[in-house]
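The values are calculated or read from the model by the stated rules, or taken from the named source; none is laboratory data. Since we're looking at a predicted model, the values are computed, not measured. Cβ coordinates were reconstructed from backbone atoms using ideal geometry, including for glycine residues, and neighbour counts include every protein chain displayed. Just so you know, the surface numbers come from the protein's heavy atoms only, side chains and all, with ligands and any DNA or RNA stripped out. Shrake-Rupley method; radii C 1.70, N 1.55, O 1.52, S 1.80 Å.
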Amino acid sequence: MQPKPTALSGFLVLSLLLIGCQEKKTLPFLGPKDTHIVNGKVDTLYHQIPAFRFLNQDSVWVSEKDMAGKIYIADFFFTSCPTICPKMKTQLLRIYERYAKNDGIRILSHSIDPSFDTPSVLKQYASRLQVKAPRWNMLTGDKAALYKLGEKSYMVTAQEDKNEAGGFVHSGAFILVDKNRHVRGIYDGTQETEVNHLIEDIEILLQEK
């Protein structure tokens, strides 16, 4: 006679099934994609963040080369923002503190008001948040380049608009970018539940080969 399954054995089976599901979960590649033939096989080219170069709060140039092999979260903001930016930064602080000891996770916050947000202004802003580069780079530079990068590459709103509070309009999105500069997720950075989801997806990317 075979022994009857116990509640504990059932729990263990369920746990193993859940672990198996988690291991199999993958994130999508967002943005336009293209295909080409390599050795007779179809190869997919996924949307990739292009080369960039901006100054951070320490007046140090930061480029795509500095993100090589890093998972990073990008956002767009401006220091005098009277609306959603404080909420966004509160949520980004959760990520900054959670991965404080993980050099493979970075944050890139792009100012959409570069004429005012000079490196020294960004330095003061970063100091108030008690964050430091290179883990959290606050970037400034050419306005046109910043707007183009936001709208064409990160696929979010980032532009000047005199009719909006503060004179600018921008998305509250956090963009999750993998080690190869592919966009793998876009989240509402003003919502705690969305940022919880982002953290879960960061963990998935950390396991991705």
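What the table shows:
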| quantity | calculated |
| --- | --- |
| Degrees, to the nearest 10: 85-98 long Cα axis against longest axis of the chain | 50 |
| Fraction in percent of alpha-carbon pairs per bin - 5 Å, the stretch 119-209 | 3, 11, 15, 20, 25, 17, 7, 2, 1, 0 |
| Reachable lysines, given that their alpha-carbon falls under 18 Å from the alpha-carbon of residue 89 and they are not under 8 places away in the same chain | 123, 132 |
| Extension reserve of the residue 26-residue 90 stretch, reckoned as 0.36 nm per residue once the Cα distance is removed | 20.3 nm |
| Overall dimensions of the chain as given by Cα atoms, namely Rg and Dmax in Å | 20.2, 80 |
| Per-residue SASA entry for residue 151, accessible area with 1.4 Å probe, Å² rounded to 10 | 80 |
| The chain - accessible surface per residue (Å², probe 1.4 Å) | 57 |
| Distance in nm between pseudo-label sites at residue 101 and residue 51 (7 Å out along the Cβ direction from Cα) | 3.8 |
| Full-stretch length increase - residue 142, residue 169 - with 0.36 nm per residue and alpha-carbon distance subtracted | 8.0 nm |
| The chain: angle of helix 192-207 to the longest principal axis, Cα-based, in degrees nearest 10 | 70 |
| Degrees, to the nearest 10: 119-129 long Cα axis against longest axis of the chain | 40 |
